[in-house]
Amino acid sequence: MMIMVTATITAKPGQRDAIIEKSKDLIESTRLEPGCISYQLYASTEDKDVLLMLEQWENPEVLESHMQTEHFKAFGVAIKDILAEELDINIYSADKI
């Protein structure tokens, strides 16, 4: 079962570029993980402080492994103080219904 994840990241005013910069290692390292199909960061066209991480994973197990990696944990620590609110994370089954 393929898994899709959306993670909405809302930066404090003026901190969006800092989050983008801090995400570079996370994105590069994550794309090399087994089971990662796609891992992309997008900027909102409606709110300059909002970013969206869109992820595709082969199955729930590889997603769980990703969340235990050092680069994932380090990103969370690095952006903690420049977030305007908690990440809004949603996980979906990508099976056709």
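The values are calculated or read from the model by the stated rules, or taken from the named source; none is laboratory data. Because the structure is a prediction, the values reported are computed rather than measured. Reconstructed Cβ throughout: ideal geometry from the backbone, glycine too, with neighbour counts over all protein chains shown. Each accessible area value is taken on the protein alone, full model and side chains, heavy atoms only, with ligands, DNA and RNA left out. Shrake-Rupley method; radii C 1.70, N 1.55, O 1.52, S 1.80 Å.
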For the stretch 72-97, the count of residues that are assigned to a helix (DSSP H, G or I) and either open to solvent by less than 50 Å² (accessible area, probe 1.4 Å) or at positive phi (or both) equals 5
Taking first residues from the stretch 83-97 that are more than 18 Å from Thr8 (Cβ to Cβ) and second residues anywhere that are outside any strand (DSSP E or B), the pairs with Cβ under 8 Å that are 6 or more apart or on different chains are Ser93/Met1; Ser93/Met2; Ala94/Met1; Ala94/Met2; Asp95/Met1; Asp95/Met2
**Request:** For Ile37, state whether it is under 24 Å from Met2 (Cβ atoms), β-branched (Val, Ile, Thr) and open to solvent by 30 Å² or more (accessible area, probe 1.4 Å).
**Result:** yes
Note on the stretch 13-27: residues of a type outside the set (Asp, Glu) and either modelled with pLDDT under 95 or open to solvent by 100 Å² or more (accessible area, probe 1.4 Å) (or both) are Pro13, Lys24
Note on the stretch 11-66: residues acidic (Asp, Glu) and outside any helix (DSSP H, G or I) are Glu33, Glu46, Asp47, Asp49, Glu55, Glu58
Considering the stretch 42-60, residues that are of a type outside the set (Gly, Ala, Ser) and under 18 Å from Gly14 (Cβ atoms), and then whichever is most open to solvent (accessible area, probe 1.4 Å), we arrive at Glu46
Screening Thr69, Thr30, Thr10 for residues that are β-branched (Val, Ile, Thr), in contact with a Cys (Cβ under 8 Å, 6 or more places away or on another chain) and surrounded by 12 or more Cβ atoms within 10 Å (Cβ to Cβ) leaves only Thr30
Residue count, the stretch 1-12, condition within 10 Å of Val50 (Cα to Cα) and more than 11 Å from the chain's Cα centre (by Cα), comes to 3
Note on the stretch 55-83: residues in contact with a Leu (Cβ under 8 Å, 6 or more places away or on another chain) and within 15 Å of Ile19 (Cα to Cα) are His71, Phe72, Ala74, Phe75
